[in-house]
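Notes for the one structure printed next.
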Amino acid sequence: MKKARMIMRTGTPVLSFDSTVNEAVQMMKQKDLGFVAINASSDRFQGVLTEAALTRAFLRFQSHPDKEALIFYRDLFEPVQLIHEYEDFPEVIKKVVSSPGHRTFVMNSTGNVIGHITAKDILHHLTEGGDGFQEESKVVIDQLAIYESFFEKCPFMMHSVDSEGKILMANQMLHAVLGYAAGSLLGKTIFDLYPPEAHESAKQGLKTIFDKGYHKVVQGMMLTADQKMIEVELVSKALENTQGEVIGTITVSRPLEMKKLLEVLPQI
């Protein structure tokens, strides 16, 4: 079976977090890939800067020319999706299709990034892999479709965040109940979901999930898009990769006032 290292492309665009906005613009022009990975060291990545995000960073930079370093624009970074070089192709499909930017970065046994895989690469190998290979991939795709359908159409609010609290996934129900346009919660953080007085407990809850693998059922408040508060009940657990490492969280929640769910259910 094909491995990630057999599918990946080398020459991944990478810049240090202390590189400047102008350096990022020049790299983006040269590479013509639409993104650049931002790292703090060869085995520690801060995120991914896309063309659209870099445009926003550049406009901010014009107003604050003293803030040249990319780290000042960290809030614009997409999360980094990593995969080991010897992961099988079906796992590559899952990672690429479910990642926020539909790309994954391939790392070796020392944790260094040695290449990247995009959705375009997946399409190429799906169509060029032969009947047996395509049949194997079809099973994975069918499983992913079932998962996506469950996640998106679930009659409860669901979201997933990374270790720093950035929202990686958020289903239709969460967007609808909180009054956000579809997809607009992606890239925001838990601090956009909860009121300021709950930020510290949210940070501690995130740490508990990564340390213990779960967080008990709790009641609290969530913020709507227009900054109104609704009372909710939620429970969280850890998401693990195939090596058993915690890579994020999954939280299921519901308004205590159930009529709020019923009001938006026809939209889902």
> Do we find a residue being under 23 Å from Lys188 (Cα atoms), touching a helix residue (DSSP H, G or I) at 6+ places or on another chain (Cβ under 7 Å) and modelled with pLDDT under 90 anywhere in the stretch 26-43?
Replying inline: yes
> Among (1) in contact with a helix residue (DSSP H, G or I) (Cβ under 7 Å, 6 or more places away or on another chain); (2) over 29 Å from Tyr73 (Cα atoms), which single condition is Val246 missing?
Replying inline: (2)
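If a residue has to be aliphatic (A, V, I, L, M) and closer than 15 Å to Glu231 by Cα to count, how many in the stretch 188-201 make the cut? Give the steps one after another, and end with the answer.
Narrowing the stretch 188-201 to residues aliphatic (A, V, I, L, M): 190, 193, 198.
Still in the list and also closer than 15 Å to Glu231 by Cα: 193, 198.
Count: 2.
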>> Condition check: under 30 Å from Ile93 (Cβ atoms), loosely packed, with under 15 Cβ neighbours inside 10 Å and either in contact (Cβ under 8 Å) with a residue 12 or more places away in the chain or in contact with a Pro (Cβ under 9 Å, 6 or more places away or on another chain) (or both). Does Gln30 satisfy that?
In response: yes
> Residues that are surrounded by fewer than 20 Cβ atoms within 10 Å (Cβ to Cβ) and touching a strand residue (DSSP E or B) at 6+ places or on another chain (Cβ under 9 Å): which strands (runs of 3 or more DSSP E) entirely in the stretch 166-268 hold 2 or more of them?
Replying inline: 214-223, 229-240, 246-255
> Taking interchain pairs and intrachain pairs at least six residues apart, which have beta carbon atoms under 7 angstrom, with the first residue in the stretch 104-118 and among the small types (Gly, Ala, Ser) and in a strand (DSSP E or B) and the second crowded, with 20+ Cβ neighbours inside 10 Å and at pLDDT below 90?
Replying inline: none
> (1) under 26 Å from Thr189 (Cβ atoms); (2) modelled with pLDDT under 90; (3) more than 21 Å from the chain's Cα centre (by Cα): which one isn't true of Arg60, the others all being true?
Replying inline: (2)
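The values are calculated or read from the model by the stated rules, or taken from the named source; none is laboratory data. Note that this is a predicted model, so its numbers are computed, not measured. Quick reminder, even Gly has a Cβ in these numbers, built from the backbone with ideal geometry, and neighbours come from all protein chains shown.
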